[in-house]
Structure formats: structure tokens, C-alpha cells
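Asks: Right, I'll just put the structure down here and ask away after.
The values are calculated or read from the model by the stated rules, or taken from the named source; none is laboratory data. The structure presented is a predicted model; accordingly, all values stated were derived computationally and were not measured. Glycine gets a Cβ as well: all are built from the backbone with ideal geometry, and neighbour counts include every protein chain shown. All accessible areas refer to the heavy atoms of the entire protein, side chains included, with ligands and DNA or RNA removed. Shrake-Rupley method; radii C 1.70, N 1.55, O 1.52, S 1.80 Å.
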Amino acid sequence: MGKGFSAVEDGQIVTLYYPLDIDTLAGADSPVIVLMENYTHATIIYSIGVNPLAAGVVTIESCDDTTPTTATEIAFDYYRYETSQILANADVPGARTTAGAAAGIIPVAGGVPQMYVIELNDTQLVSGDIGFRMCIADPGAASVGSAVAILSGARYAKSSVTQMAVV
């Protein structure tokens, strides 16, 4: 039997958006730039609550520094989950889908709660960039959600969590 992955001991958890009405962001980018210099992979989990009335386009930007001076939208892969407890197979992901750099993900509005799992490798960043940030366009109506990134593939793994991953 293989060893499981402990996000706390073998990775790093970073909050990108605390639970909130995404409409209040008015298209603001996440203030968190996740540094990838010590990690090779990020799994981003974006959860949208009950009855999202609208959905803002989700993109991922490769960032050259912590300001960022230059942020470039990049393509990424994701899976969509419907998370209603009353639906059969609610915990089964949809097919792996590639989101174009500018197109991003357009969440389904007016449906059951949903979750998007974005898989991002450090090699997908623009060469020389230090990390990424998640951006959600203003959905124009109530849409409660939150997002976290789980970093893995530590280049300099230690027995305790000592690596900083956020600026």
C-alpha cells in the first residue's frame, strides 16, 4: 500500500479567496501571488456555493514578480465537480478539460453547487516567472465561492513545514 499525500507535511496550503460573494470583488484579481520556486505543482480548488446566480470567468496568470509587473494569462487543465449531495455520483469529476489562456473557465450559473479543480505545473508558467495568481472576473450577480491552492512536489523537502509559498 502506497503512502498518502499529507498537504500539511508534504506540501503547502495557500488561501487564494476566502469564502465571500465574488460579486463584491468587482473583477479584482487575487491579491495572493503563489510562489512556485520551491514546488513543481499546484492543485487549485475553487468552490462555488449554493445556487450561484452568475459566474465570473476564471483565469490563471503567470507572474514575473510579486507586484506583478507583468502578469500573463496561461492555459491550464481542470476538472468540474457537481457537489450536490442529492445527485448520484456527485463526487465524481467531469472530464479533464483544457482552458485557453484568455478564455479560462466559465462556471455554470444557476445550477447546483460546484467545484473546479485546476492542475498547474511549474513548467506552464512563463519562463523566468516566479509564480501565479488566480483571477475571477466580476460575475455581475451573487455568487458565493472560495479558492485554495495546494502546492506539492517540493524541490527541497524538509520534515517540517518551513517553506514560504505566498507573498
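Asks: Out of the residues in segment 72-87 that are open to solvent by less than 40 Å² (accessible area, probe 1.4 Å) and modelled with pLDDT of 90 or more, state the one that is nearest to VAL117 (Cα to Cα).
Replies: Here the residue is TYR78.
Asks: Looking only at segment 56-71, filter to residues that are over 13 Å from ILE130 (Cβ atoms) and in contact with a strand residue (DSSP E or B) (Cβ under 6 Å, 6 or more places away or on another chain); which one of those is modelled with the lowest pLDDT?
Replies: That would be GLY56.
Asks: State which residue is most open to solvent (accessible area, probe 1.4 Å) when the search covers only segment 39-55 and only residues that are modelled with pLDDT of 90 or more and part of a loop (DSSP other than H, G, I, E, B).
Replies: THR40
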